[in-house]
Amino acid sequence: NAFPQAGASRCLAAIDYRIADACTEPAGRADDCSVEKILRIDDGFHCFAGPGEDLAVAVAPVPVANQGVITFGSFNNIAKINSDVVALWAGILNTVPEARLLLKDQRFKNSATRRRIESAFAAHGINADRLKLLGAQAERRDHLAQYAQVDIALDPFPYNGTTTTCEALWMGVPVITLTGTRPDARVGVS
């Protein structure tokens, strides 16, 4: 019995399996050092069915067609945007000088948070006018509709997006991901 008796510790006593796939856990890679048996599912371990018909949002044409500039974007939790991520993404923006970067997180409603992110990118030569920082929307339909503003999604690292990556792909936005060595740094590949 994996569940403790009443009054006992609330910790799980055992986990027999960990669900993964060949992308997040290549065969032989973690088998010898994992306590759990790795159960690899073919074609990816994610279960994402989209928002459902009641929240369906049409996939929009690529915004570059109307705006004339590429908009990169990330709707991931900004806690995943570390100094290495900022440096790489700023490098992309410096390589594509007319491009913009749209970041979305509920914390951007706070002006100090906005200034911190703007300063981090400014340290790499990216002016604040090339950044669009959006707060969260109350309704999922409105959240999904904002993918119409993004041409190419950028996946943070070393902890990749999961739901945000699935949502971007669902909304027809390609995602660029950097493959790491840990399972949570390989989710974007999966």
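The values are calculated or read from the model by the stated rules, or taken from the named source; none is laboratory data. If you're wondering where the values come from, they're calculated on a predicted model, not measured in any experiment. No Cβ is skipped: glycine too gets one built from the backbone with ideal geometry, and neighbour counts run over all protein chains shown. Just so you know, the surface numbers come from the protein's heavy atoms only, side chains and all, with ligands and any DNA or RNA stripped out. Shrake-Rupley method; radii C 1.70, N 1.55, O 1.52, S 1.80 Å.
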**Request:** Please work out if residue 103 is under 24 Å from residue 147 (Cα atoms) and in contact with a Leu (Cβ under 7 Å, 6 or more places away or on another chain).
**Result:** yes
**Message:** Step by step: first the residues of segment 33-77, then only those that are open to solvent by 60 Å² or more (accessible area, probe 1.4 Å) and of a type in the set (S, T, N, Q), then the one that is modelled with the highest pLDDT. Which residue is that?
**Reply:** 77
**Request:** Residue by residue through segment 176-189, note down the ones that are touching a Cys at 6+ places or on another chain (Cβ under 7 Å) and either outside any loop (DSSP other than H, G, I, E, B) or closer than 21 Å to residue 50 by Cβ (or both).
**Result:** 189
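For (1) among the aliphatic types (A, V, I, L, M); (2) over 17 Å from residue 168 (Cα atoms); (3) more than 15 Å from the chain's Cα centre (by Cα), each residue gets a yes or a no:
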| residue | (1), (2), (3) |
| --- | --- |
| 50 | no, no, yes |
| 73 | no, no, no |
| 83 | no, yes, yes |
| 99 | yes, yes, yes |
| 127 | no, yes, yes |
**Asked** Got a sec? Which of 115, 186 is among the basic types (Lys, Arg) and within 16 Å of the chain's Cα centre (by Cα)?
**Response** 186
**Message:** Residues that are touching a Pro at 6+ places or on another chain (Cβ under 8 Å) and either open to solvent by less than 40 Å² (accessible area, probe 1.4 Å) or of a type in the set (Ser, Thr, Tyr) (or both), at least 1 per element: which strands (runs of 3 or more DSSP E) completely within segment 84-175 meet that?
**Reply:** 152-154
**Asked** Any idea which of (1) surrounded by 13 or more Cβ atoms within 10 Å (Cβ to Cβ); (2) modelled with pLDDT under 95 is the one residue 80 doesn't satisfy?
**Response** (2)
**Prompt:** Does at least one position in segment 12-24 carry a residue that is open to solvent by less than 70 Å² (accessible area, probe 1.4 Å) and in contact with a helix residue (DSSP H, G or I) (Cβ under 6 Å, 6 or more places away or on another chain)?
**Reply:** yes
**Message:** It is to be established whether one or more residues within segment 168-186 are among the basic types (Lys, Arg) and at pLDDT below 95.
**Reply:** yes
